[in-house]
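Below is one structure; the comments refer to it alone.
The values are calculated or read from the model by the stated rules, or taken from the named source; none is laboratory data. The shown structure was predicted, so the numbers you read here are calculated from the model rather than taken from an experiment. FYI the Cβ positions are ideal-geometry reconstructions off the backbone, even for glycines, and counts take in every protein chain you see. These accessible areas exclude ligands, DNA and RNA; they are computed on the full protein's heavy atoms, side chains included. Shrake-Rupley method; radii C 1.70, N 1.55, O 1.52, S 1.80 Å.
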Amino acid sequence: MDLETGVNQNRVKKESWKTILTLAYQSLGVVYGDLSTSPLYVYKSTFAEDITHSESNEEIYGVLSFVFWTLTLVPLLKYVFIVLKADDNGEGGTFALYSLLCRHAKVNSLPSCQLADEDLSSYKKDNIISPAPTTFGATLKSTLERHRVLQRFLLILALIGACMVIGDGILTPALSVFSAVSGIELAIGKEHHKYVEVPLTCVILIALFALQHYGTHRVGFLFAPVVIIWLMCISAIGVYNIIKWDRHVYRALSPYYMYKFLKKTQRGGWMSLGGILLCITGSEAMFADLGHFSQLSIQIAFTFMVYPSLILAYMGQAAYLSQHHVIESESYGIGFYVSVPEILRSPVLVIAILAAVVGSQAIITGTFSIIKQCSSLGCFPRVKIVNTSSKIHGQIYIPEINWTLMLLCLAVTIGFRDTKRMGNASGLAVITVMLVTTCLMSLVIVLCWRKSVLLALCFVIFFGTIEALYFSASLIKFLEGAWVPIVMAFAFMIVMCIWHYGSLKKYEFDVQNKVSVEWLLGLGPSLGIVRVRGIGLIHTELVSGIPAIFSHFVTNLPAFHQVLVFLCVKSVPVPHVKHEERFLVGHIGPREYRIYRCIVRYGYRDAHKDDSEFENDLVCSIAEFIRTGKMGLNVNGENLRKDFEDLTVVGTPSTHLSGVQLCEDEDVSAELVGTSERKEILSPCVTKPKKRVRFVIPESPKIDRGAQEELRELMEAREAGIAYILGHSYVRAKQGSSLFKKIAINFGYDFLRRNSRPPTYTLSVPHASTLEVGMVYNV
């Protein structure tokens, strides 16, 4: 069954101030771990090479001024007060913005969309209203809908953001943990620290990734206290340094010091912006993790706790450095730990490592989430998704991705071995995601919020200029580490594009070669073959029509099941689908054929790793459809008499307690006909009482004799068991295709398909009940 989706969490979150403050407290551990550890490496990366710390203090004051205004304009103004309002039914992130645009302008990349999807409550929650025909928004909307190249560009833009988030998931743990561990140099000396830093960092990273399968909820209660202690620690040290070393350091907050800094340092100062940029790493997490909290809780936590603590920490470091121009440990240079009083360095080192682990945990979980969203939207190969918590929404673990991230993270740590190049790499990944968010937000302002184009231009010019300045400073460090996120993003982008292209071509082949309903009707109720007891569950990606693979079954198999269900599990461009709207059920052909179509809909953030109860849910939804006898709208817009396929929205059994419920009773008698359905796999020598299946039907309203007979046959079929009929596709580029298409389909897509999970892995299909037939797709 589905995990708790948390669709209505935002309503609960607004109940009381106590709830809001509790969420704000919890968000400190989940959202702000990465952002709060940035003081560990910002000054060290900034003064690594491009600029020097002179007696005039113009450099250190200029850097402090840049840090202050960057923190104020980007995380505080842009994200906290503007971007957080662009939520998709309470969810945030790059794909939330893309999903919003898909619904307001028909630019959806999912080929299996139906008109019925637009009736979902979460789809309509935005109160989508087409802009007036004379407005710029209407012109922009029609332009996007007419030109496929613009739709592909929008998808690629969202994928670039996703790829850079994945790259950040590799670079941030390495940078954070290595920067925290680097403080050990001041304790053991420069002769030995190089033999300790990298191995210790690798051990911590391996432990971090090895513990991912337990889930964050196991140790989540420790996250917020760790970050709070860390923030209090750095702010207290900051206040101490300000009072002791330079009480007038607040003057450096004036923008005038930025001008003086750039005037003196010129090109070196511009290149050092790549280090200053690291002060906002982790800001995107405020938006990406919005679904776990609420706007107000995230705003309160950042505005009243994180933001002032970070400003005090940076001011304290600047105050200390303004009076210390010759650092005792020349190999360590300008860094966080030199400003920490010597007596506190050991406990601060421990707290810093714990905070770095918390921050790394948040970005790793975010990487899992973004890959799941990409996979749901058909842009990433199917992977195994393990839900680590049955109560807390969004906590998932992906084994394949986890170990890939760990290997790449270790490679970055061992390969670079210094914060300078790690910082250059991480900075480019962070600022690219922010640029993508700025571009998508400008479209959201016009298309979704229906504001003036002038406001959107002001937004993109103001924030885009700031981010473009940092982007250029990061890109200039291409040979000094910035190439890493570009190479990683390029590799992931190739995987995503090839998978999306191959999946799209495969679906188009299915649509073009589907069997007509007339052919099915011509076979008669028996389909021209023997119908035996049981339910045949035919998995297909089509939402209408009959897949071509079915004709192979009919012509090659001597018998078929008395009840056939064409099952389609699909994703829709909304974060969550309510349980009440989960199933679309309808007949294919006349009632006496006993052939049904069932479409199971999930949002891109829904957990649909269904357990053994899925079969009962499916049978109950069909039984409820039969009992109610509803005639839904023809979701495909075709002639009802021709198609015999009108689908009705049916919820899961938990949503219609007054409807049909399925019960299984143990029956030890041998009189029952057919095989029994087992909930456990037993050894051949173990016998278990058979299960007798029955429907509990409400007394009113009364159902007609035909529906009763249909329910009886469905009950008998369920008792006999369910067989899964799967089509195993071999996709090949057709003759005459271009060289690019042949390479992409015959090698790229084929390799990804063979090494990814099958389409039915979410259904926990038992191998003993599976029938698989191969078919070649010439796309």
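Any chance the stretch 730-738 includes a residue that's in contact with a Gly (Cβ under 8 Å, 6 or more places away or on another chain) and not aliphatic (A, V, I, L, M)? Yes, the stretch 730-738 contains a residue that is in contact with a Gly (Cβ under 8 Å, 6 or more places away or on another chain) and not aliphatic (A, V, I, L, M).
Checked against the criterion of being under 26 Å from Leu475 (Cα atoms), within 22 Å of the chain's Cα centre (by Cα) and at pLDDT 90 or above, the candidates Ile280, Ile370 yield just one match: Ile280. Based on this model, can you work out whether His561 counts as open to solvent by 30 Å² or more (accessible area, probe 1.4 Å), of a type outside the set (S, T, N, Q) and either closer than 30 Å to Leu100 by Cβ or in contact with a His (Cβ under 7 Å, 6 or more places away or on another chain) (or both)? Judged against the criteria, His561 is not a match. Restricted to the stretch 500-518, and to residues there that are open to solvent by 40 Å² or more (accessible area, probe 1.4 Å) and acidic (Asp, Glu), the residue that is farthest from Ile156 (Cα to Cα) is Glu518. Apart from one condition, Asp126 fits all of (1) charged (D, E, K, R); (2) closer than 25 Å to Met441 by Cβ; (3) modelled with pLDDT of 70 or more; (4) not in a helix (DSSP H, G or I); the exception is (3). In this structure, does Leu186 turn out to be open to solvent by 20 Å² or more (accessible area, probe 1.4 Å), part of a helix (DSSP H, G or I) and at pLDDT below 80? Judged against the criteria, Leu186 is a match. Taken together, the residues in the stretch 585-601 that are among the aliphatic types (A, V, I, L, M) and within 32 Å of the chain's Cα centre (by Cα) amount to 3. Please pick out the residue among Ser339, Ser346 that is farther than 18 Å from Pro399 by Cβ, among the hydroxyl-bearing types (Ser, Thr, Tyr) and surrounded by 22 or more Cβ atoms within 10 Å (Cβ to Cβ). Unique residue meeting the criteria: Ser339.
Hey, any hits in the stretch 403-410 for a residue that's open to solvent by 10 Å² or more (accessible area, probe 1.4 Å) and touching a Cys at 6+ places or on another chain (Cβ under 7 Å)? Looking through the stretch 403-410, at least one residue is open to solvent by 10 Å² or more (accessible area, probe 1.4 Å) and touching a Cys at 6+ places or on another chain (Cβ under 7 Å). Look at the stretch 433-453: where a residue is closer than 22 Å to Asp168 by Cβ and a partner is buried (at least 23 other Cβ atoms within 10 Å of the Cβ) and small (Gly, Ala, Ser), sitting 6+ places away or on another chain with Cβ atoms under 6 Å, you get Val433/Gly161; Val436/Gly161.
With of a type in the set (A, V, I, L, M), at pLDDT 80 or above and assigned to a loop (DSSP other than H, G, I, E, B) as the only criterion, which of Val600, Val574, Val563, Val495 stands out?
Only one candidate qualifies: Val574.
Report yes if some residue within the stretch 465-472 is in a helix (DSSP H, G or I), within 26 Å of Ser99 (Cα to Cα) and of a type in the set (Ser, Thr, Tyr); otherwise report no. Yes - at least one qualifying residue is present in the stretch 465-472. Scan the stretch 500-515 and give yes if some residue there is without any contact (Cβ under 8 Å) to a residue 60 or more places away in the chain and assigned to a loop (DSSP other than H, G, I, E, B), otherwise no. Within the stretch 500-515 (the criterion being without any contact (Cβ under 8 Å) to a residue 60 or more places away in the chain and assigned to a loop (DSSP other than H, G, I, E, B)), the answer is yes, since at least one residue qualifies.
Please enumerate the residues belonging to the stretch 255-304 that are in contact with a helix residue (DSSP H, G or I) (Cβ under 9 Å, 6 or more places away or on another chain) and charged (D, E, K, R). Full working, then the answer.
Here is the first cut: in the stretch 255-304, the residues in contact with a helix residue (DSSP H, G or I) (Cβ under 9 Å, 6 or more places away or on another chain) are 255-265, 269-304.
Result: Lys260, Lys263, Lys264, Glu284, Asp289.
Among all positions in the stretch 431-442, there is no residue which is of a type outside the set (Asp, Glu) and farther than 26 Å from Cys102 by Cβ.
With respect to the conditions (1) in a loop (DSSP other than H, G, I, E, B); (2) open to solvent by less than 20 Å² (accessible area, probe 1.4 Å); (3) out of contact with any Cys (no Cβ under 9 Å at 6 or more places or on another chain), Cys379 falls short on a single one, namely (3). How many of the residues making up the stretch 24-50 are open to solvent by 10 Å² or more (accessible area, probe 1.4 Å) and farther than 30 Å from Leu222 by Cβ? So the answer is 4. Among (1) open to solvent by less than 10 Å² (accessible area, probe 1.4 Å); (2) without any contact (Cβ under 8 Å) to a residue 40 or more places away in the chain; (3) under 30 Å from Arg152 (Cβ atoms), which single condition is Ala491 missing? Answer for Ala491: the failing condition is (1).
Within the stretch 447-462, the set of residues being open to solvent by 10 Å² or more (accessible area, probe 1.4 Å), within 20 Å of Ala158 (Cα to Cα) and assigned to a helix (DSSP H, G or I) comprises Leu457, Phe459, Val460, Ile461.
Only one entry in Leu714, Leu726, Leu739 is at pLDDT 85 or above and crowded, with 18+ Cβ neighbours inside 10 Å, namely Leu714. Ser474 falls short on exactly one of the conditions (1) open to solvent by 10 Å² or more (accessible area, probe 1.4 Å); (2) farther than 22 Å from Phe153 by Cα; (3) not aliphatic (A, V, I, L, M), and that condition is (1).
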